[in-house]
Amino acid sequence: PVSAAAGLAPASPSEPSSRSPAGMLPVVAGLLLAVAAGGRGSATGDQESPPGSRFVCTSLPLDAIGAGCPLPPVPMQGGALSPEEELKATVLQLRETVLQQKETIGSQRDAIRELTGKLSRCESADGKSGTGTWKKELGKGKDTMGDLPRDPVQVIDQLSRTMQTLKDRLESLEHQLRANVSYAALPNDLREMLQRRLGDLERQLLSKVAELEDEKSLLHNETSAHRQKTETALNALLERVSELEKGNSAFKSPDEFKVSLPLRTNYLYGKIKKTLPELYAFTVCLWLRSSASPGIGTPFSYAVPGQANEIVLIEWGNNPIELLINDKVAQLPLFISDGKWHHICITWTTRDGMWEAFQDGEKLGTGENLAPWHPIKPGGVLILGQEQDTVGGRFDATQAFVGELSQFNIWDRVLKAEDIMNIANCSTNMPGNIIPWVDNNVDVFGSATKWPVETCEERLLDL
């Protein structure tokens with residue numbers, strides 16, 4: 001602060017102590033013009049100023065603010081001051097008080113800006129301090145306080161230390177303010193504003209700490225749940241491996257198995273869990289080995305409500321093998337009752353009722369007018385080894401298949417001849433897009449069993 005102002009005579013040190021700035025405020029307005037005029041006259045060499053007097057501006061260190069700003073002594077000019085000099089001294093004292101108050105307010109503004117900066121660093125990049133933004137920042141791995149560590153425990157400790165530091169600084173500011181008010185008390189508005197801002201900051205810091213604790217707890221719970229799920233999956237895999245090591249019902253892959261139907265009965269069969277959609281064309285392929293004669297029986301049948309013979313492949317007694325679609329019959333030139341493995345494929349399309357019959361990759365016959373323009377109905381039941389007289393039942397033992405079945409696949413289109421050849425000679429593996437041959441899609445009943453199947457190459461050697 002400036003100890004004296006140009007153009008004004010300094011007051012005696014003993015006089016201002018009896019005059020408070022508040023008490024002099026009513027007369028300041030009336031004296032401003034006169035004082036300003038006196039100041040200008042002194043600055044321009046006006047002879048009204050007492051001769052032989054001059055004014056000195058002195059810089060004081062910051063630590064001297066608490067002790068006030070003492071006025072330099074001025075020698076008395078012949079004893080008591082005149083009324084005009086006394087008024088000038090009072091105005092000088094008021095100016096010094098105003099300067100001190102401005103400096104105090106400036107320091108308080110700096111403190112407020114510092115606190116606001118800390119608060120802004122607590123908030124997210126878009127200016128919001130909501131829970132979602134805080135969690136988003138945490139999820140990105142950013143330090144929302146600038147230099148906070150990512151460990152939740154360290155973050156909480158750092159926030160606590162920051163809050164305590166802010167409290168200490170506020171106490172220091174209040175102490176400094178109390179030391180700086182030798183002439184006038186600190187305005188209550190400023191103190192209340194600082195306390196309010198610190199309270200807001202403290203609440204926000206506590207909220208952030210609480211959110212961090214919640215995040216830590218949630219992360220712990222999610223980690224535990226994930227660990228439990230992983231352990232369950234591992235246990236299931238271990239059980240599956242144990243089953244595979246036992247050998248009886250284990251297969252090298254989900255499709256490398258066969259269904260064995262050793263007896264000609266009406267209670268021994270396999271069932272496909274999936275059903276067919278509405279079809280306008282299809283291809284059915286399977287490997288089979290029959291051990292019965294005459295006639296191999298029924299390798300498979302598909303029945304729907306109102307039509308038990310929607311799709312049936314059957315060789316009954318001395319009759320040739322037949323394909324039934326919607327109870328319409330086509331005789332197929334297939335010969336598979338020699339007790340060896342054979343690969344059979346049958347294609348059909350509703351357009352003109354065209355059909356084809358393949359044995360071991362070779363097309364042996366074709367025809368038309370088999371249930372033309374009749375779409376295959378959906379929602380029926382597929383049975384392996386039995387012919388259905390009702391949907392899913394009323395089997396006839398004389399029509400049962402005796403032997404082994406594998407790789408029963410159905411597509412919703414007519415496969416090309418080269419694709420069928422590649423499947424039959426083991427050069428490609430094409431699961432059916434409607435009914436694939438997989439272990440969990442086939443159930444067996446009666447004394448029917450599932451066994452590991454010979455490799456495709458071993459089946460070829462059996463031809």
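The table for this structure:
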| item | result |
| --- | --- |
| Contour minus Cα-Cα distance for SER172 and LEU364 (0.36 nm per residue) | 58.8 nm |
| Amide H contacts of THR275 (H built 1.01 Å from N, under 5 Å, at least 5 apart or other chain) | none |
| Rounded percent of accessible protein surface that carbon and sulfur make up, the stretch 257-460, 1.4 Å probe | 51 |
| Greater than 28 Å apart at Cα, pairs in LYS208/LYS229; LYS229/LYS258; LYS273/LYS328; LYS273/LYS363; LYS258/LYS416; LYS340/LYS377 | LYS208/LYS229; LYS229/LYS258; LYS273/LYS363; LYS340/LYS377 |
| Amide proton proximity set for ILE311, modelled H, under 5 Å, gap of 5+ | TYR302, ASN326 |
| Carbon/sulfur fraction of accessible area - the stretch 187-248, other protein chains in place, 1.4 Å, % | 54 |
| Residue-normalised accessible area of the stretch 257-460, given per residue in Å² at a 1.4 Å probe | 41 |
| Where labels lie 7 Å past Cα in the beta-carbon direction, separation of TRP373 and VAL329 in nm | 2.5 |
| Cα gyration tensor shape of the stretch 187-248, rounded if a/c is under 1.5, else prolate or oblate by comparing a/b with b/c | prolate |
| Among 400-412, 189-201, 218-230, 87-99, the order from most to least packed when residues are scored by Cβ within 10 Å on average | 400-412, 87-99, 189-201, 218-230 |
| Net length gained if the chain between THR165 and SER447 were fully extended (0.36 nm per residue, minus Cα distance) | 93.3 nm |
| Dipole of the stretch 257-460, positive direction: furthest Cα of LEU405, CYS426, LEU276, with charges on the beta-carbon | LEU276 |
| Gain on full stretching of the segment that runs from ASP157 to ASP439 - 0.36 nm per residue minus C-alpha separation | 95.7 nm |
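The values are calculated or read from the model by the stated rules, or taken from the named source; none is laboratory data. Given the structure is predicted, the values throughout are model-derived calculations rather than measurements. Because the Cβ atoms are built from the backbone with ideal geometry, glycine has one as well, and the counts that use them run over all protein chains shown. These accessible areas exclude ligands, DNA and RNA; they are computed on the full protein's heavy atoms, side chains included. Shrake-Rupley method; radii C 1.70, N 1.55, O 1.52, S 1.80 Å.
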